[in-house]
Amino acid sequence: VGTISLDFVRPFEGAVDPAEVLADVQRFHALGVQHVALGDTTGVATPRSTRAMFEALAREVPGAVPIAFGEESTRCFGWFHAAQAPARPTGVVLCRPVGYEGTCAYETYTQLAERLAQAGFAVIRFDYHGTGDSIGDDSDPDRVPAWQACIDAALDELTHLGGVSRLALFGVRI
């Protein structure tokens, strides 16, 4: 794991160019580092500046990039896998099962996402509201409508991050 401490906004120069950060991330990858964490050294990063930085990196960095998306009250955690060249116009949202089946399918879904990205598809895999690393609790009311809202939010996020014009869903049970 590598860590890059940076100012998202410099006091005199303004916003940090994502290309500078990308160059550092690529140096880490060249050294064999698989996971790179970014830290805001001055504490002035905003949700907007952080999202802009991660979006710029998500399109260029190989592998999965952690993302959070959806409404604030139903925020979902997931992973974005950028399409590798040549990119296809279709993106895939992976909807894994919940509970024990979801735990058993985790590695399979991860490998599927990686292979789809290698084949040129932009991919999002995520945890439903109240499961995994997403906010909420499994005892919250209206589980199924909340999970459906997560799927809708994942489709919107994939359209935005992946720049795709067509969408596909893949899931096994709920």
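What FRET efficiency comes out for the pair VAL44/ASP156, r = Cβ-Cβ distance, R0 = 35 Å, nearest 0.05?
So the FRET efficiency works out to roughly 0.80.
Give me the mean projected area, in nm² to one decimal, of the convex hull enclosing the Cα positions of region 4-43.
2.8
Trypsin sites (Lys or Arg not before Pro), restricted to region 133-174: which are DSSP loop and have at most 11 other Cβ atoms within 10 Å?
Of the trypsin sites (Lys or Arg not before Pro), the ones in loops of region 133-174 whose Cβ has at most 11 other Cβ atoms within 10 Å are ARG173.
Using mean Cβ contacts within 10 Å as the protection proxy, how do 29-41, 85-97, 63-75 order, highest first?
The most tightly packed comes first, giving 85-97, 63-75, 29-41.
What shape does region 8-100 take by its C-alpha gyration tensor, where a ≥ b ≥ c are the square roots of the eigenvalues and a/c under 1.5 counts as rounded, a/b above b/c as prolate, and the rest as oblate?
Since a/c reaches 1.5 but b/c is at least a/b, the shape of region 8-100 is classed as oblate.
Across 10 Å bins from 0, what is the distribution of all Cα-Cα pair distances for region 75-115, in whole percents?
Going out from 0 Å in 10 Å bins, region 75-115 shows 24, 51, 21, 4 percent.
Give the accessible surface of the chain per residue, rounded to a whole number of Å², with probe radius 1.4 Å and ligands, DNA and RNA excluded.
Working: 9860 Å² over 174 residues.
Result: 57 Å² of accessible area for each residue.
For ILE4, which sequence-distant residues (separation of 5 or more, or a different chain) have an amide H within less than 5 Å of its own amide H, given hydrogens modelled in the peptide plane?
ALA37, LEU38, GLY39
With a 1.4 Å probe and every protein chain kept in, tell me what percent of the accessible surface of region 19-174 is carbon plus sulfur. Let's see the in-between values first.
Details: 4750 of 8650 Å².
Reported share for carbon and sulfur atoms: 55 percent.
Could you list, bin by bin from short to long, the percent of Cα-Cα pairs of region 116-174 in 5 Å steps?
The calculated distribution, bin by bin, is 4, 16, 26, 23, 15, 10, 4, 1.
Kindly state, as a whole number, the per residue volume in cubic angstrom of the convex hull around the alpha carbon atoms of the chain.
125
At a Förster radius of 30 Å, what calculated FRET efficiency corresponds to the Cβ-Cβ distance of HIS29 and CYS104, to the nearest 0.05?
0.50
Under the Karplus relation 6.51 cos²θ - 1.76 cosθ + 1.60, θ = phi - 60°, what is the ordered set of whole-Hz ³J(HN,Hα) values for region 96-111, x standing for Gly and Pro?
Values per residue, Gly and Pro as x: 7, x, 9, x, 4, 4, x, 4, 5, 8, 3, 5, 5, 5, 5, 5 Hz.
Tell me what the chain gives for mean residue ellipticity at 222 nm when only DSSP H runs of n ≥ 4 count, each as -39,500 (n - 2.57), the sum divided by the residue total, rounded to 500 deg cm²/dmol.
Numbers: 4 runs with 65 residues, N = 174.
The per-residue figure over the chain is -12500 deg cm²/dmol.
Under the classification rounded if a/c is under 1.5, otherwise prolate if a/b is larger than b/c and oblate if not, where does region 76-174 fall, given a ≥ b ≥ c as square roots of the Cα gyration tensor eigenvalues?
Judged from the Cα gyration tensor, region 76-174 comes out prolate (a/c at least 1.5, a/b above b/c).
The values are calculated or read from the model by the stated rules, or taken from the named source; none is laboratory data. Keep in mind that this is a model prediction, so the values were computed, not measured. When we count neighbours, we look across all protein chains shown, and the Cβ atoms used for this are built from the backbone with ideal geometry, even at glycine. With ligands, DNA and RNA removed, areas are computed over all heavy atoms of the protein, side chains included. Shrake-Rupley method; radii C 1.70, N 1.55, O 1.52, S 1.80 Å.
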